[in-house]
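To start, the structure itself, in C-alpha cells.
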Amino acid sequence: MSDLSPTRAKPTSFQELILTLQDYWAGQGCLILQPFDMEMGAGTFHTATTLRALGPKPWYAAYVQPCRRPGDGRYGENPMRLQHYYQFQAILKPSPPDILERYLGSLEAIGIDTTLHDIRFVEDDWESPTLGAWGLGWEVWCDGSEISQFTYFQQVGGIEVDMVAGEITYGLERLAMYLFDKKSIYELPYNSASSEVPLSYGDVFLQNEREQSAYNFEHADTDMLFRHFADAERECGKLVEKKLPLPAYEQCIKASHTFNLLDARGVISVTERQSFILRVRDLAKACCEAWLATQTAKAA
Amino acid sequence: MAELLLELLSEEIPARMQTRAADDLKRLVGDGMKAIGLSFTGARAFATPRRLALVVEGLPVVREDVSEEKRGPRVGAPDQAVQGFLKGAGLTSLDQAEKRDTGKGEFWFAVINKKGGPTAEALPGVIEAAMKALPWPKSMKWGSGTMLWVRPLQSIVALFDGKVLAGEIALGGQMAPIKFGDTTRGHRFLSKGDFKVASFADYAAKLKAAHVVLDPAERKKIILDGASSLCVGAQVALKADEGLLDEVAGLVEWPVPLLGTIDAKFMDVPPEVLIVSMKTHQRYFATTKADGTLTNRFVVVANNVARDGGKVIAEGNERVLRARLSDAKFFWDQDRKTTLESRLPALKGIVFHAKLGTQAERVERIAKLAGEIAAFVPGADAGQVQQAARLAKADLVTGMVGEFPELQGVMGRYYALGEKLPAAVADAIGDHYSPAGPNDRCPSAPVSIAVALADKLDALTSFWAIGEKPTGSRDPFALRRAALGVIRIVVENKIRLPLGKFFKAGDLMEFFADRLKLQVREKGGRHDVVDAVFALGGEDDLVRLLARVEALQAFLGTEAGKNLLTGYGRAANIVRAEEKKDKGLTARITGAPDAALLEQAEEKAVAAVLTEVEGALKPALAAEDFTAAMAAFAGLRAPIDAFFDKVTVNVTDKPELRLNRLKLLNQIRATMDSVADFSKIEG
C-alpha cells in the first residue's frame, strides 16, 4: 500500500466516505477529477472512463459521478432505490498487478476490517449495450452484501482496448448504508452528527427524489424529448465529421439520457427500445473512433 | 522417476469454470507430454478460487531417443496422399523421406527421430502450449499485455524433480514475463507473504498451513461436515443441494460454515421464495425440520476465520438476507391484493416474441389448445382446464416473479390457492412448466396434463411456424426440452393423444421421433427397433408406438425372434436382388401367391402359415396387443427355415413358378412389415 495516503479517521458520514475514498485513491496516484457536468446513467459515461479507456496512454483517475436512472425513481418512498445517486469511480490504466490489493486497501481505509469481515470476489461480467462496451470482473461482497463492482475493460465503443483499464465502482449510498448500518438511504448521515448543522441524506435529497420522479414518470414532454434525441443524434454525427470527438461525445451522452427518460415515460415499445439502444451505440462508437484517432495521431 | 508440480496463481476464478479448467489443464499437459514420448504414472489436477494446480507423477528424468517409422503412400501416388503423409510425419518435403521396396512395390517411408534428453528441458514447452490451448469459457487481457487468461495471472510454480523449471510465460505488451518459480501465496486474508515449495506434498502441506484447502472435494467435505454439525447443534437438518455445494466450494479457499437466522416475520412467505432468495442471491443453504418443512436457520459459508468467531459475518449476512426478504415479503403481500384474473390485461404489454405476439396472445392460443387436448385426457374437467390455461401466465406480471423469474408457476399456484380457486386449477398453474428436465417431476393430474401439454405444443408449433427450429448447438427457446416434456407427459400418463392432430409440419414429427429415439436409447432400448416402428409412418400416438417398440424388442430378444429375423432377411434379400435386376418385378409380385402354383410341401406350408398369421395379426393389431402380434409370428419360423432348406426360388426353366415363389417371399416381407419395418433391424 502506498504510504502517501494520509491517515483519516474511519468515516462516519456520507461526505466523509467520499473524502476518504478521494484521499485514498489520490494516494494511489490517481487524479482526483470532478463530476462530468451532464446527466448520465453511470460513472462509466464520464469521458475520464469511456474515452480514456481507449488509446495507448496510461491514465489513473478517480471521481464522484452523480448518476441518473429515471426509471429507478420511487418518489422517495422506497428506502433503497433512487433515480439520482452517486458512484465513486477509480480507473487505473494499465491495470497494475496489485490492483486488487490496492482495492482492498481502500476498504481498510473506509473502515472495513478484513479480520472481522468476509470479502469475496464473485463473478460478474459487465456489459453496456449503449456504449458498446464490455469487460470481465466481479462484484465484491462484504458479508454477503455487494459493496463494489470491479471490471477489466476489454472493449469500448465496439473497439478492443489497447491497454486494459481496471475500473472500480463503489455505489456510495449502498456502501454507506452498509458501513453505517442504516435501513434507509434517507437516514444516512450526510455530514457528521456532531457538526454544527447535521443533515441526513433525506434532508438533502428527499424532495428532489419526489419531484424528479414526478417529472420522469409523469411530466416529461415526450414530443420534446423525441426531438431532443433526434437533434443530439444529428449534432453528434456532424461533430464527428468535424473531427471534434469531445463535443460529439457530449451529444451522445445527451441522447443516451434522453432515451432513458423516454423509456421511463413508457413511450418506447420493446422493439423500438432495441433500435434506440443501437442508435446510441452507433453514436458512442463513432465518438470513440474519432477520439482514438486523435490519441494515436498525437502519440505518433 | 520424478514429479512435476505446476501451479497457476491468478485473481479470483469464477466458481463455475474451475473444475473444467483443472481437467483441461491435466488433459492438455498430459497430451503434450505423450506427444513428445514422455510417459508418466499418474496426474491429478486441483482448483481453488485463485489457483489451478497439477501434479504429474512417475516421469522419467531423462527421455530416451525414440525412433519411429511411418509407411507412406506408394511412390508416384497422387499429390494429396503425399501431402497428407508429409504432414502426418512432420516433414516438409519428400527429400526427407526415403523410398523402400517392400516387395509389393516401392513406398515412401519416414523415419521420425524424437531426440531424447533431460525431461526438464522439454517440460516448459509443454506447459506453455497447454496454457495457450486452455479453453476458458471467457478470457481477458490485463495491464498492457496481450496474453489471454480467465483473470490476471499472478505467478507460476513449475517444479520438476524438486527443481524450478527454466521457463516463463510472456504476457506481451510492456509487461515483464512471469518466470517459472517455486514461490506461491496462501489465503488472501489469512496468510501473509510468499513461501517456497519443494514438492507436491510440501506444497499441499504449506498451503494448508497458509489456510488454503487445495482439493475441492476436501473443501466440500469440510463444508458439509461443518454445516451438518452446526445443524445438529441447532436441531435442524441441512437441505442438501449438490449444485450449490459445488458452487460454494469454488468461492472459498478456506471454508468456514456459519449459522444464521432468518427473521421470524418472513417465515410465512412461501418456502420456495425463501430458498430461491437465499440460494440464487446469497448462496446460503436452507435447513429443514424433521417433517421436511423449512426452519428459520440458514448456513452461510465464509472464506475467513474472523477474530470474533464469525459473529459480525453472520450478522452481516442476516442483514443482507433481511433486506432481500423484505423485498420478497413486500411482493408477497402486494401481489395477493390483486387477483390473477385482473392481471390478464397486463399480459398484453409483454412481448413473448417479436414474431409471435404478446403473452396475452400466447395465453389465448394455449387455452384453445388445452381445450382440444382435454378431450383426450381422461378425467380432465373442461371448465377447470380453461380456467387454469387462461391464468397460467398471470403470475408473470406479479412483483415476485418480476424479482425471481424462476418462481413462475410456483407463485401463480400460491396466489390461486389464496383466491380459493379449485386446487386442480392452482396445481395446473404450478405444474404447467413441468417437466423442466429429465429429473423434474412430471405432471400427473388431468388438468395439469392438459395445460402443460398445451404450453409446450404451442411453443413448438409457434416457433416452428416462424422458422425458429433448434440447430445442433443452438436451442434458444428450449424446444428440445419442450418436446421431451411432451413425450414424458404423454408416455408416463399413458395419454392417447394423436399428436398429428395438433401440428401440420412433418419435420416436427421427425423432431419428436428423434427425441423419442434418444430417450429409448438412454433407457437402454434399441434405436434400430424405434427406427423400424417409425418407418411404418403415420403413427402419432406415442403410447401405441412405444408399446410396439417394447413388444418388438422383447420378441427380438427371444430365440424365435432372432431366427425369424434371419428368415425375413433371407426372404427380403432375395426379393430385393431380383427387383434390382428387373424393374417391373415389384408390381408383378404383390398380392398373394397362386395356390395352384405351389408345388412343394414346404412352400405350401409357408403359404398356409402366412394365412394363419395374417388372421391372427389383424385382430391383435386392432386391439393394440403387440405382444400377441409378435407371438403370431413365432409360428412362421419353422416353415420358413424348411422353405429355404428345400425350395429353390430362382428356377430357371419355369418362370411362372419363380414368380409365384417370389410372391410368397414378398408376402412374408409384407406381413412382417405391417408390424414394423424389419429391414431397419440390425441383426
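Our Cα-only numbers for the protein assembly as shown put the radius of gyration and Dmax at 36.3, 126 Å.
Between the beta carbons of B:Thr586 and B:Ala638, assuming R0 = 35 Å, the FRET efficiency works out to 0.80 to the nearest 0.05.
For B:Ile262, the amide hydrogen comes within under 5 Å of the amide hydrogens of B:Arg297, B:Phe298, counting only partners 5 or more places away or on other chains and with H modelled in the peptide plane. Loop exposure criterion: GluC sites (Glu not before Pro), DSSP state outside H, G, I, E and B, at most 14 other Cβ atoms within 10 Å. Applied to chain A, the longest stretch between such sites is A:78-195. In this structure the amide hydrogen of B:Gly181, modeled in the peptide plane, comes within under 5 Å of the amide hydrogens of B:Ile156, B:Val157, B:Ala158, none closer than 5 places in sequence on its chain. Near B:Leu497, the amide H atoms lying under 5 Å from its own belong to B:Leu542, B:Val543; only residues 5 or more places off or on other chains count, and H is placed 1.01 Å from N. Rounded, prolate or oblate: which fits segment B:439-571, taking a ≥ b ≥ c as square roots of the Cα gyration tensor eigenvalues, rounded meaning a/c under 1.5, else prolate when a/b beats b/c? The shape class here is prolate.
Working note: Karplus 6.51/-1.76/1.60 with θ = phi - 60° gives segment B:34-42 the couplings 4, 5, 9, x, 9, 9, 8, 9, x Hz, where Gly and Pro are set to x. For segment B:324-359 and segment B:609-680, what is the separation of their C-alpha centers, rounded to whole Å? The two parts, judged by their Cα centres, are 63 Å apart.
Counting partner chain Cβ atoms within 10 Å of every residue's Cβ in B:296-308, what's the average? Could the numbers behind the result be given before it?
Details: counts 0, 0, 0, 0, 3, 1, 6, 5, 8, 2, 7, 3, 3.
The shielding value for this peptide is 3.
In summary, the lysines within cross-link reach of B:Lys456, defined as a Cα separation below 26 angstrom excluding same-chain residues under 8 places away, comprise B:Lys348, B:Lys355, B:Lys368, B:Lys393, B:Lys469, B:Lys494, B:Lys501, B:Lys504, B:Lys517, B:Lys523.
Calculated mean residue ellipticity at 222 nm for the protein assembly as shown: -14500 deg cm²/dmol, from DSSP H runs with n ≥ 4 weighted as -39500 (n - 2.57), summed, divided by the residue count and rounded to 500.
Under the shape rule built on the C-alpha gyration tensor, where the axes satisfy a ≥ b ≥ c, chain B is oblate, since a/c reaches at least 1.5 while a/b does not exceed b/c.
Which of rounded, prolate or oblate describes segment A:1-156 when judged by the alpha-carbon gyration tensor and an a/c cut-off of 1.5?
Working: a/c = 1.36, a/b = 1.08, b/c = 1.26.
Because its axes are fairly even, with a/c under 1.5, segment A:1-156 counts as rounded.
Shape descriptor for chain A: Rg over Rh equals 0.97 (Cα atoms; Rh from the Kirkwood inverse mean 1/r). Taking GluC sites (Glu not before Pro) as exposed when DSSP calls them loop (any state but H, G, I, E, B) and at most 11 other Cβ atoms lie within 10 Å, what is the longest stretch of chain B free of them, the sites themselves excluded? That would be B:65-681.
Give the distance, in whole Å, between the Cα centre of segment B:1-45 and the Cα centre of segment A:51-67. Cα centroid to Cα centroid, the span is 39 Å. If the chain linking B:Asp268 and B:Ala436 were pulled fully straight, counting 0.36 nm for each residue of separation and taking away their Cα-Cα distance, it would gain 57.8 nm. Shown in residue order for segment B:242-254 are the 3J(HN,Hα) couplings computed by the Karplus curve 6.51 cos²θ - 1.76 cosθ + 1.60 at θ = phi - 60°: 4, x, 5, 4, 4, 5, 4, 4, x, 9, 9, 9, 9 Hz (x for Gly and Pro).
Here segment B:88-130 is described by how far its Cα atoms reach on the three principal axes: 43, 18, 16 Å, from widest to narrowest. In sequence order, segment B:470-475 has phi-based couplings of x, 10, x, 9, 10, 8 Hz under the Karplus curve 6.51 cos²θ - 1.76 cosθ + 1.60, θ = phi - 60°, and Gly or Pro positions carry x.
Kirkwood's formula applied to the C-alpha pairs of segment B:543-683 gives a hydrodynamic radius of 15.4 angstrom.
Segment B:216-334 gives an Rg/Rh value of 0.95, both radii derived from C-alpha positions and Rh following Kirkwood. Take the residue pairs B:Lys87/B:Lys114; B:Lys138/B:Lys192; B:Lys604/B:Lys654; B:Lys34/B:Lys115 and return only those whose Cα atoms are more than 23 Å apart. Table pairs above 23 Å Cα-Cα are B:Lys138/B:Lys192.
Each value in this text was obtained by applying a stated rule to the coordinates, not by laboratory testing. What you see is a predicted model, and the numbers here were worked out from it, not measured in a lab. So basically every Cβ, Gly included, is an ideal-geometry build from the backbone, and we count neighbours across all protein chains shown.
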